[in-house]
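Here is the structure we will look at.
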4 protein chains.
Amino acid sequence: MFNIALFGCGRIGKVHAVNIAAHPSTQIKAVIDPYHEGAVQLANQYGAQVMSVDEALSDKSIDAVCICSATDTHADLIERAAQAGKAIFCEKPIDLSLSRVQSCLEVVEKAGVKLLVGFNRRYDPQFRTLRELFDSGAVGRAETLVITSRDPSPPPPDYVRVSGGIFRDMSIHDLDMARYILGEDPISVSAHGACMVDPAIGEAGDIDSAVIVLHFPSGVMANIINSRRSGYGYDQRVELHGSKGMLKAGNVREHLVEHWSDEHCAAAKPQNFFLERYREAYIDEWHHFVDVLEGKVEPQCTGVDGELALVLADACVESLKSHQTVLLK
Amino acid sequence: MFNIALFGCGRIGKVHAVNIAAHPSTQIKAVIDPYHEGAVQLANQYGAQVMSVDEALSDKSIDAVCICSATDTHADLIERAAQAGKAIFCEKPIDLSLSRVQSCLEVVEKAGVKLLVGFNRRYDPQFRTLRELFDSGAVGRAETLVITSRDPSPPPPDYVRVSGGIFRDMSIHDLDMARYILGEDPISVSAHGACMVDPAIGEAGDIDSAVIVLHFPSGVMANIINSRRSGYGYDQRVELHGSKGMLKAGNVREHLVEHWSDEHCAAAKPQNFFLERYREAYIDEWHHFVDVLEGKVEPQCTGVDGELALVLADACVESLKSHQTVLLK
Amino acid sequence: MFNIALFGCGRIGKVHAVNIAAHPSTQIKAVIDPYHEGAVQLANQYGAQVMSVDEALSDKSIDAVCICSATDTHADLIERAAQAGKAIFCEKPIDLSLSRVQSCLEVVEKAGVKLLVGFNRRYDPQFRTLRELFDSGAVGRAETLVITSRDPSPPPPDYVRVSGGIFRDMSIHDLDMARYILGEDPISVSAHGACMVDPAIGEAGDIDSAVIVLHFPSGVMANIINSRRSGYGYDQRVELHGSKGMLKAGNVREHLVEHWSDEHCAAAKPQNFFLERYREAYIDEWHHFVDVLEGKVEPQCTGVDGELALVLADACVESLKSHQTVLLK
Amino acid sequence: MFNIALFGCGRIGKVHAVNIAAHPSTQIKAVIDPYHEGAVQLANQYGAQVMSVDEALSDKSIDAVCICSATDTHADLIERAAQAGKAIFCEKPIDLSLSRVQSCLEVVEKAGVKLLVGFNRRYDPQFRTLRELFDSGAVGRAETLVITSRDPSPPPPDYVRVSGGIFRDMSIHDLDMARYILGEDPISVSAHGACMVDPAIGEAGDIDSAVIVLHFPSGVMANIINSRRSGYGYDQRVELHGSKGMLKAGNVREHLVEHWSDEHCAAAKPQNFFLERYREAYIDEWHHFVDVLEGKVEPQCTGVDGELALVLADACVESLKSHQTVLLK
């Protein structure tokens, strides 16, 4: 049984708490959150203790940390956990600054601890099946990849302001997904954007609609389409076109009951947001982390994966400004 | 170029008029209808003449008749056309009385003319594709056939009164379809019904919802589900289950544009009724009749097919009354 | 925390074991199975003890029993558990003999314990959503119900011999589903069948393909279509036609990735069998049983529901033999 | 009855020949083609005469021309027909050179004749329905448009060489579609491409896979995805995302019969290519041209529309070379 220190009791912290508790080999030992009441409540629910960062990291019985705190605390916590010899699961991103990510990863490397970065979609059964079919040769050689990712509704402008912008906050998942599916690293990035959904997002200095084109060494192009609002739930689709056809991962609907009436044949909307859509992915992600803890496998999504996704997101920012394709080294 | 005498200018007469005129080898020479104004209008539209029955049948230049008049005139017109040596296309049914059908077919046989009975669904591209796939062995040996046929909305009670009842008027198409797809004749019939849609149909002595079960010599069962109202357009589906899987012919939608919104993902309804749904079938049916006229093929749907469908419909009536399975010779 | 005695370590016993252990308010205290090795293994896995029937039922710390043993032991175990004052969850059926079911239920009633009969499909999120939409008036008044239920592949003849026959073993779920969705009890039953899938099933005295028609007091007809083999996974569908349209619960596919190729556009098959298809239903069923244990709700599926499903299955047997509609009191 | 001179007897000329002949108000009077045998054959089939360009244009009885000849003859024929006072239907493009298009349109304007440019997709019932729903406010204000257009298989390199390149030959339809649906003209164009399908296309100096991003004055972005090969038929889809949801026009399948088997649930492929997919569009296009001839409406797709589509295609070429967004005046 591995003892886990859980940093952060917000929405995503609670998701991981459920999965840590449900896994036969892990339990929550410590809960750490500046919001004391929330920490107490979560700790009580799972028979854990509320601790400070220092207490948790110096507790010898704690094997690993699960970092779900605010983004600007991730790099520090990773470094301190690494230095304390703990295995680390950290929600994406490591940091919004590339240099900070790089210095952080150096610390992790020196410490020699395991680090799994939480790009949840890599564990989604649909996308995983798509990749497995691709790897098995179902559509031959890859030619074009199209990733659609639309949130159900826009975030509040206050969130936008600290989010790092749509590319680092939202598209980063799709940039990672492109690398995950194709198994190569892009050589160039072009990004386009507009503020169509909510003027307040524009006032906060960001865009809410984006189209990204990546070129890969093999010649494959990846086309990412993002919006902060779909108007019909969480739209998460992948199309991979190859020399022998297409693989297409569709949305997961809220249910499978259709209602045919005098007006139309209505099916249910896609599941509303990431908590529902990626519920299974979060479970499988945690199972993978436990496999890492048990030494069975290496992390499928490393610090370098986190770094490279940020490199791509930064290149999107640059391309959007320059109206040019940005070449990557 | 074959000259055609068209009997009947109603809804279905107009459908055939368009197809006769559009076919490069046929043209409308005569239009016959007790409703004079309608006949004049249709004749003018296609450069044809209004004629009496006698005039049309004694006109040597007329090669064939297309009978789309009221049901109770079919058998008489078939006999007179046969005696006049004309090839005959007649809308289903030949008659609502089995003995009348049989005496009529004797006349046709004596006359030695070609007779094609209009079971339009046999020419539907969807059902035809299903049968071709079945014949090619796609699902192995047949096990169960499920036919769903629901009208968009109930007919007026006045129509119900002269229709011969749901089995002879509506189910007869599905009874023929079962024979067409499976290529065998049933050995027993069980019919169930209820009046759920419109009490006026019950008052007219009929039911509006029916479930029929047919047994075939090979052991296959066919399950027919009928309703005078779907509430969502014309519901026309066939499922054929075999030893190696299922073939499933679905509805044809009004269009293929989906509308995804905050409420649901809406697709268009099935095409509203038989004029839209079987538009292509009527065209192909006429092409087949022309092939018959040209001596290229024998009629795919003969007088005997019309007779057997009525035998099955009559057995449904008997089974509904007796609450028993009716054995067929 | 409720202590549960689990009777039976087979396939379905293992399903419930997982769910009992995963529920925060229940744990497995005792495992009972004549197959000692299996009992030991399961008990070890969940920290439970292997007990005899007597030991388990006389153990005061045990609050409830979960009966997953062979069908012919159900009624006895229910009676003994009732007399021992335990709350009872029992997999369907209570017994294959109606009189035995009735005597058993008398014992339960005298004992005054709670009994939940395991018709798992009542908890399926798809069928539940369909019923909720129907109850909310989405399609108006019910007119026809069509239930399709096809197993992926036929059971071995040895199983068929002790199964009670297709109606009591398989159709019983659909008969219960019809009552569950429509909220009324049928007034008549007609059943049709054939042995199409496997001659060995016929030699074992059973059929493998069935079509059932039920009439309800409101006039609604329910049409159940069963087969012991689909050839494409577990086919579980419900269509409810009403005065304002249709509700249609479709199959759950193995995954949502489509493969479009030069041959066709391929989607995944329906989930293979009940363990996958009703995984969530089994979880929700157990949650419901815990709610019953906690006194929050009454059982949604009582002994009487189990009895009535068997009455209907028996009527199917009778109708199949007599080729007549069987009236129910 | 309008007399039509048909220039060009190739694949697309034959499509229009059928439609001209089937329309009650038009007939083919003259057929013009340097390939004499083809002209004779087509003329015989429709009771028309083979003529030279001069003969046809000086024939007073000819009301209009239908230009389906080789692309490099379009502009000349348009000018000569305009000068002869004929109404003009011309297949896209007017010419591959923008200056030639402009000089040609000046001649047309001076002559004051009607000119309809053949962007067939504007008449497709699916895309038309999508635009009508959009215009009716179904999804509110437009935000993003995604157009997918993939040919079934790549053209021969010899065709590629004279085609003007993928943007002027293939994407031009999608560029026009974007303008048609959104009702505005783009302000910038970015184009990306690769040669993935067939190296011979690269050797012919072209690409075979393209991603285009257009920005419109309202802020809307249009994302066009092209490939010379789908591997599964003609992939023609449009998604319009707006402030209140999405409209999605899907592919038209070869038929609607599904085949469910032990491997998968297979549906038919999209219709194979433009002749099948846009059969109805070509008919409706010709009906529109006849309405123009009859003075009922103005051409829905003018010379200026043809010119603007070429401007956009030229901008794609420039953007692909410069790796920059090209601003339009």
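When C:TYR46 is represented by a point 7 angstrom out along its Cα-to-C-beta vector, the spacings to that point in the other copies are 2.4, 7.5, 7.8 nm, nearest first.
Dividing the Cα radius of gyration by the Kirkwood radius, what Rg/Rh value follows for segment B:2-113? Using only Cα positions, Rg/Rh for segment B:2-113 is 0.95. Counted by Cβ distance under 13 Å from D:PHE216, the other residues give a net charge of -1, where Lys and Arg count +1 and Asp and Glu count -1. Here the dipole of segment D:2-113 is about 280 debye; that uses its Cα centre as origin and unit charges on the Cβ of Lys and Arg (positive) and Asp and Glu (negative).
Ranked from largest, the principal axis spans of the Cα set of segment A:241-312 equal 58, 33, 25 Å.
What FRET efficiency comes out for the pair A:ILE187/D:LYS296, r = Cβ-Cβ distance, R0 = 41 Å, nearest 0.05? E(calc), rounded to 0.05, equals 0.15.
Computed from Cα atoms, the angle from the helix A:125-135 axis to the main principal axis of chain A rounds to 70 degrees. Placing a label point 7 Å from the Cα of A:GLU203 along the Cα-to-Cβ direction, the residues of segment A:141-159 whose backbone N falls under 11 Å from that point are A:157-158. Top mean-square fluctuation among C:LYS248, C:LYS92, C:LYS29, Gaussian network model of chain C, C-alpha springs under 10 Å? Sorting by GNM fluctuation, first place goes to C:LYS248. Pull out a ≥ b ≥ c, the square roots of the eigenvalues of the alpha-carbon gyration tensor of the protein assembly as shown, then state rounded if a/c is under 1.5, prolate if not and a/b is larger than b/c, and oblate in the remaining case. Oblate. Each other residue within a Cβ distance under 14 Å of C:LEU42 adds +1 if Lys or Arg and -1 if Asp or Glu, for a net charge of +1. Normalised by the number of residues in segment C:199-329, what is the relative contact order in percent for Cα pairs under 8 Å and 6+ residues apart? Normalised by residue count, the contact order of segment C:199-329 is 13 percent. Pairs from the table (A:LYS114/A:LYS296; A:LYS92/D:LYS244; B:LYS92/B:LYS329) lying more than 21 angstrom apart at Cα are A:LYS92/D:LYS244; B:LYS92/B:LYS329. If R0 is taken as 30 Å, the Cβ-Cβ distance between D:LYS60 and B:GLU37 corresponds to a FRET efficiency of 0.15.
In whole Å, how far is the Cα centre of segment A:233-288 from that of segment D:268-298? Centre-to-centre (Cα) distance: 35 Å.
Maximal additional length on extending the D:GLN324-D:ASP135 stretch stands at 64.8 nm, based on 0.36 nm per residue less the C-alpha distance.
Largest GNM mean-square fluctuation across D:HIS16, D:HIS255, D:HIS192, computed for chain D with C-alpha springs under 10 Å, falls on D:HIS255. The rotation axis bringing chain B onto chain A passes closest to the chain B residue reported with its distance as B:ALA266, 2, by C-beta distance in whole Å. For D:LYS29, the aspartates and glutamates whose Cα falls under 12 Å of its own Cα, not counting residues fewer than eight places away in the same chain, are D:GLU55, D:ASP59, D:ASP63. What does the C-alpha gyration tensor say about the overall shape of segment B:200-266? Classify as rounded when a/c is under 1.5, otherwise prolate if a/b is larger than b/c, or oblate. In terms of gyration-tensor shape, oblate.
Using +1 at the C-beta of Lys and Arg and -1 at the C-beta of Asp and Glu, which of B:SER25, B:ALA70, B:LEU105 has the Cα lying farthest in the positive direction of the dipole of segment B:2-113? So the residue we want is B:SER25.
Take every Cα pair under 8 Å whose residues are at least 6 apart in sequence, average their separation, divide by the length of chain D, and the relative contact order is 19 percent. On C-alpha positions alone, give me the angle between the axis of helix B:172-182 and the longest principal axis of chain B, in degrees, nearest 10. Taking the Cα atoms of chain B, the angle to B:172-182 is about 70 degrees.
Annotation note: chymotrypsin sites (Phe, Trp or Tyr not before Pro) in segment B:1-43 located in DSSP loop regions with a Cβ neighbour count of at most 13 within 10 Å are B:TYR35. Amide H contacts under 5 Å for A:GLN49: A:ALA30, A:VAL31, restricted to partners 5 or more places along the chain or on a different chain, H placed in the peptide plane at 1.01 Å from N. Between C:GLY47, C:GLY118, C:GLY85, the residue with the greatest mean-square fluctuation in the GNM of chain C (Cα pairs under 10 Å linked by springs) is C:GLY47.
Mean per-residue shielding of peptide A:97-107 is 0, counting Cβ atoms of other chains within 10 Å of each Cβ. Position C:ARG141: other-copy label points at 4.5, 4.8, 6.6 nm, ordered by increasing distance, label point 7 Å along Cα→C-beta.
Report, in whole Å, the centroid distance computed from the Cα atoms of segment B:46-93 and segment A:1-33. Cα centroid to Cα centroid, the span is 84 Å. Does segment C:168-286 classify as rounded, prolate or oblate by the C-alpha gyration tensor (a ≥ b ≥ c root eigenvalues; a/c under 1.5 gives rounded; else a/b over b/c gives prolate, otherwise oblate)? The shape class here is oblate. Sorted from closest to farthest, the other copies place their A:PRO154 label points 4.3, 5.2, 6.3 nm away, with each point set 7 Å from Cα along Cα→Cβ.
Rounded to the nearest 10 degrees, the angle from helix B:279-293 to the longest Cα principal axis of chain B is 50 degrees.
Here, each number is a calculation from the coordinates, and none is a lab measurement. For clarity, every value in this text was computed on a predicted model and none was experimentally measured. All Cβ positions, glycine included, derive from the backbone under ideal geometry; neighbour counts span all protein chains shown.
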